[in-house]
Amino acid sequence: MTTQTIKTILSRRSIRSYKPDRLDPASLDLIVEAGTYAPSAMNQQPWHFTVIQNRSLLDRLEASCKSVFLESDVEALRDVAAREDFSVFYKAPALVIVTGDANALAPQYDCTLAMQNMLLAAASLDIGSCWMHSVMMFYATEKGKALFNELGIVFPDSHKPYAAAVFGYSASPVPEPEPRKSGCVTLMS
Ligand SMILES: Cc1cc2nc3c(=O)[nH]c(=O)nc-3n(C[C@H](O)[C@H](O)[C@H](O)COP(=O)(O)O)c2cc1C
């Protein structure tokens, strides 16, 4: 038996090419609402959702996030970022940053679960998405924190970003899922 939910989980892919169209506001609301229905440790719901759709703000943030990849210790990240056509946010029309109260019990898990709800909710609405790790990497630097402030992207007190993803309508057909690794399940009797 395959439910619609299972079909969505099995067919969601990271999208790396977007149409410039803004997201339908009602769909965006639903996606964020889905995030707020994630489980959280002791039901603390320690999250906050920052939605950025301003093109010039996205472009300024993107340029800085790219520099994190270019300056990374990881050769693969440097190589990807060095490509002339590389765009960290893939020109997506929306970036959502899930911040969490760093003093909460398990904010990293809570925020990641919230983001996964959002990625799946988006897929169920035919909206593409892709996790953006560079946002967390950039915020972890002093330069990054300063730029967020300069751009007016201010999070609630004692919050920091634990999950970030871009959202938008895919510019090309959603690819088939990659084969799954085998041998990653132990069924104990
Ligand atoms: C913690 C984490 C960090 C990721 N960072 C990035 C990223 O910065 N840029 C990107 O294009 N994809 C990023 N991804 C997406 C993965 O590359 C993608 O999920 C993986 O290749 C599997 O493909 P799929 O999502 O289409 O199944 C990240 C995923 C995770 C879970």
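Computed values, structure above
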item	result
Solvent-accessible heavy-atom area per residue, rounded to whole Å², over the chain at 1.4 Å	59 Å²
Dmax and Rg, reported as Rg then Dmax, of the chain (C-alpha, Å)	17.1, 57
Selected from Gly144, Gly100, Gly152 as most flexible by GNM, with the chain as the system and alpha-carbon contacts under 10 Å	Gly152
CD proxy at 222 nm, helix term only [per DSSP H run n ≥ 4: -39500 (n - 2.57); per residue of the chain; nearest 500]	-12500 deg cm²/dmol
Ranked order, Thr112, Thr5 - accessible area, probe 1.4 Å, largest first	Thr5, Thr112
Sequence-distant aspartates and glutamates (8 or more away, or on other chains) whose Cα lies within less than 19 Å of Lys19	Asp59, Glu62, Asp85, Asp126
Cα convex hull of segment 85-128 - mean projected area over all directions, nm²	4.0 nm²
Those trypsin sites (Lys or Arg not before Pro) in segment 1-99 that DSSP places in a loop and that have at most 14 other beta carbons within 10 Å	Arg22, Arg83
Computed over segment 13-168: relative contact order in percent, which uses C-alpha pairs under 8 Å that are six or more apart	37 percent
Protein-only accessible surface order, largest first, of Cys65, Cys184 at 1.4 Å	Cys184, Cys65
Portion, in percent, of the accessible area of segment 13-168 that falls on carbon or sulfur, probe 1.4 Å	52 percent
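The values are calculated or read from the model by the stated rules, or taken from the named source; none is laboratory data. Computed from a prediction, not measured in an experiment: that's the story for all the values here. Note that each Cβ is placed from the backbone with ideal geometry, even for glycine, and that neighbours are counted across all protein chains shown. Please note that ligands, DNA and RNA were not included when accessible areas were found on the heavy atoms of the full protein model with its side chains. Shrake-Rupley method; radii C 1.70, N 1.55, O 1.52, S 1.80 Å.
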